[in-house]
Structure formats: structure tokens, C-alpha cells
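The numbers here are math on the coordinates, done by the rules we state, and not lab data. Predicted model, so just to flag it, every value in this text is computed and none were measured. Counting neighbours? That spans all protein chains shown, and the Cβs are built from the backbone with ideal geometry, glycine included.
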């Protein structure tokens, strides 16, 4: 991410809902793709890293947000808001230039992955349910496969046959609920 230029933080808000749902998260992902495939975005934005967050308001409604790091040219907030309304039905967006280091911006965006774990136990269960089968972090354009493409590769031989450049699964790790510090198995 350090080699990327002209980085921005983008937040896209979904209309408030009474219940958390995986369908909503999937609809948001589709709306995000529709937005980024529009000509002005496809032409000006070179890469996107996106994370979903769910917040509960005092009134009991849930707001989903998509927090993104965007690499590329400038698009006015008013245009983004108008286009987001067309693809999602809700116009609330925020975009600002990243004024700190890309690493801090990445940490800032990735912290939203765990926000759903901070809800009360019943809502936390709803959040887990709404994120089933959904990617917590999505990457597009120049951010897609960035670590794999730019990272140093060291090939280890298979302990059985000696083949290199093959997948070796050493162990299976379960999903851990970081708030409760216990392993759970999604259905």
C-alpha cells in the first residue's frame, strides 16, 4: 500500500434496518461493485480495499457502513453521494484525503472488522449470522492480491513428495470469537 498514491478514506452508508441480515451485506457488496463499475470510478479509481461495519443506534436500528481505502483520482463528494443513492437508495457518504501514513489508514479501516463483536450478545449473534458466507475484507483493482503479488515468496518442499510450489496445509484453525476468547464453528 505504500507504493499507492493519492489515497482516500471513503465511507458509504446503507439505509437503517431493524434486523441484521446476510442479504443486506450481499446487497451492499453488489451496490459497491455497481458504483465502482460506473465510468468515472472505473477511470479514476485504481484500487479499493473495503470493510463492512454494523452499528446499532439508540433507537434500536442497525446502520451498515462500508469503509474503504481508495487509490486514485478525485471525485467530488456530491457526485459520489448522488451515484451511491442511485445504486443503494441511500445518499450518505463521506470521503476525505488520507493525511497520515497508509499504514495508519489501513489499521483505521481494518478496526471496523471487529466492531460487530462489540454489540451486546444477542446483536453479536445477529452480526455473526449476517456475515456468514461474506468476505470481511474486499479488495479490487491494484489492491487485489497485493500481498501475494508484492511479497517475497519462499517455496517449501512438500514433506511427503518433495514437490515445490504446491499447497501444503499444516493445520486447520477454527474461528475465534475475540470478545469471548472462544472457538466457535459456523454452521
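Please specify each residue of region 42-53 satisfying the condition of being within 18 Å of residue 89 (Cβ to Cβ) and surrounded by fewer than 23 Cβ atoms within 10 Å (Cβ to Cβ). Can you show your working first?
Residues of region 42-53 within 18 Å of residue 89 (Cβ to Cβ): 52.
Answer for region 42-53, where residues must be within 18 Å of residue 89 (Cβ to Cβ) and surrounded by fewer than 23 Cβ atoms within 10 Å (Cβ to Cβ): there is none.
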Over region 72-89, the set of residues in contact (Cβ under 8 Å) with a residue 12 or more places away in the chain and surrounded by fewer than 22 Cβ atoms within 10 Å (Cβ to Cβ) is 72, 73, 74, 75, 77, 79, 80, 81, 83, 87, 89
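Residues in region 93-107: is at least one under 21 Å from residue 20 (Cβ atoms) and touching a residue at least 24 places away in the same chain (Cβ under 8 Å)? Reasoning before the result, please.
At the first step, the residues of region 93-107 found to be under 21 Å from residue 20 (Cβ atoms) are none.
No, region 93-107 has no match at all.
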